[in-house]
1. Which of the numbered conditions does residue 151 fail, given that it passes all the others? Conditions: (1) open to solvent by 40 Å² or more (accessible area, probe 1.4 Å); (2) within 24 Å of residue 348 (Cα to Cα); (3) basic (Lys, Arg).
2. What pairs come up if the first residue lies in the range 219-236 and is within 15 Å of residue 206 (Cβ to Cβ), the second is assigned to a loop (DSSP other than H, G, I, E, B) and basic (Lys, Arg), and their beta carbons are under 7 Å apart, counting only those six or more places apart or on different chains?
3. Give the range 282-315 a look and list any residue that's of a type in the set (A, V, I, L, M) and over 12 Å from the mean Cα position of the chain (by Cα), or say none.
4. From (1) open to solvent by 40 Å² or more (accessible area, probe 1.4 Å); (2) closer than 16 Å to residue 344 by Cβ; (3) modelled with pLDDT of 95 or more, pick out the condition that doesn't hold for residue 88.
5. How many residues are in a loop (DSSP other than H, G, I, E, B) and open to solvent by 10 Å² or more (accessible area, probe 1.4 Å) when one looks only at the range 286-298?
6. Tally the residues that are in a loop (DSSP other than H, G, I, E, B), open to solvent by 10 Å² or more (accessible area, probe 1.4 Å) and over 12 Å from residue 279 (Cβ atoms), restricting the search to the range 241-266.
7. Quick check on this structure: which one of 307, 344 is under 19 Å from residue 114 (Cα atoms) and buried (at least 22 other Cβ atoms within 10 Å of the Cβ)?
8. Looking for something touching a Leu at 6+ places or on another chain (Cβ under 8 Å), among the charged types (D, E, K, R), open to solvent by less than 10 Å² (accessible area, probe 1.4 Å) and not in a loop (DSSP other than H, G, I, E, B) - is there at least one such residue anywhere in the range 166-175?
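The values are calculated or read from the model by the stated rules, or taken from the named source; none is laboratory data. Keep in mind the model is a prediction, meaning the values are calculated, not measured. Counting neighbours? That spans all protein chains shown, and the Cβs are built from the backbone with ideal geometry, glycine included. Protein only, heavy atoms only, side chains kept; ligands, DNA and RNA dropped before computing areas. Shrake-Rupley method; radii C 1.70, N 1.55, O 1.52, S 1.80 Å.
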Amino acid sequence: MDTRSPRRPSRRVIALAAVLAAAALATAGACVGEQLAAPSSTPAASVSSSASASPSASASPSASVSPSASASWTPSPKPTATTLQRYRFALAWGSRGSKPGQFIMPKGIAVDGEGSVYVVDKGNQRIQKFTGSGRFVTAWGKLGDGPGEFRAPNRVAVSAQGLVYVTDGHNHRVQVFAGDGTFLRAWGHEGDGDGEFRVPLGIAVGRDGSVYVSDQEGDRIQRFTSTGRFISSWGSTGRRRGQFDTPDDVGVGPNGRVYVSDSGNQRVQVFTAGGRFVAVIGRWGAGVGEFREPRGIAVRPDGVVLIAEFRGQRIQEFSPSYEPLGYWGRQGDAPGRLNDPRGIALGPDGRLYVADMGNDRVQVFVPGRR
């Protein structure tokens, strides 16, 4: 079996194809509560894995909240981790602006163990904190390069201890805060060495406290301790296993596997905690298990992987063995519809929170019957 990722068109062609494909999906795609797509008997995605392959590089008040809309649904007869999960629209909050509870390009999102929601409000150079139901709690940050200031914040992750990690993209660093926004520490500066960054983007925290950061322009993943001490890195620029083209988000599964949305290569790569290649999921396309700019990643406790497609305007689900289960979502601004979804995060109650960037809002979906 040829395990190389399929040849990709140029980025200019990709951009044009993405716009055309998004328009097609808006007409014929699946919509939450209206239509879900499940894979045919022969999935379109290429899923290859390796047990021994190694990577090519070293190791004030909030905005109004929209209530749930009713939806019809015919469940699958056997609810298991290998069937498509029904997620039903529950609520949304936010609108375009700079007041508390408003957003300009919400890009990253995370939920702590108590259900508090942290949103990277990129255009406003700040982090906003909400309750799980969308009530504004606090915000911090402004444009700058001092402690607690940002230049293009990208993603956010929360540790089991409640530490809030933020990738500060154009300051080329990671900042760490307490849950109330108190600045604690930062690490990194621009460069290609260990612990240096060229636009850090995705971030995730493992069960052991390890912090994984995708170095977007450096085309690599770096692993740190919870205090920022460099542990290891892997990746280089390219299309082969363990190589990347503008890696985006990072997620960590319950078994410690590390998932990277290799956005420019239109795939997701899976690694061990130490960076050994495990599997590649997906290829360019609009079918089940195919991608048009995979971005946000969330992994459920049962190992099911959820991936947000920035240009595909949908959420795809994959089994713990990386087989495509189906997708849901459709472009639009109505409740439950998506417009350039970016970050996604799971709450302790199983709710899925989506940074609906193009609509300048957060949407919340609740799991139902499969």
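1. (2)
2. Partner pairs satisfying both residue conditions: none exist.
3. 286, 288, 304
4. (3)
5. If we filter the range 286-298 for residues that are in a loop (DSSP other than H, G, I, E, B), which is where we start, we get 286-290, 292-293.
Subsequent filtering for residues that are open to solvent by 10 Å² or more (accessible area, probe 1.4 Å) retains 286-288, 290, 293.
Within the range 286-298, residues that are in a loop (DSSP other than H, G, I, E, B) and open to solvent by 10 Å² or more (accessible area, probe 1.4 Å) number 5.
6. So the first thing to find is which residues in the range 241-266 are in a loop (DSSP other than H, G, I, E, B), and the list is 241-243, 245-246, 253-257, 266.
Then drop every residue that is not open to solvent by 10 Å² or more (accessible area, probe 1.4 Å), which leaves 241, 243, 245-246, 254-257.
Remaining after also requiring over 12 Å from residue 279 (Cβ atoms): 243, 245-246, 254-256.
Residues flagged as in a loop (DSSP other than H, G, I, E, B), open to solvent by 10 Å² or more (accessible area, probe 1.4 Å) and over 12 Å from residue 279 (Cβ atoms) within the range 241-266 amount to 6.
7. The conditions single out 344.
8. Looking for residues that are touching a Leu at 6+ places or on another chain (Cβ under 8 Å), among the charged types (D, E, K, R), open to solvent by less than 10 Å² (accessible area, probe 1.4 Å) and not in a loop (DSSP other than H, G, I, E, B), one finds none in the range 166-175, hence no.
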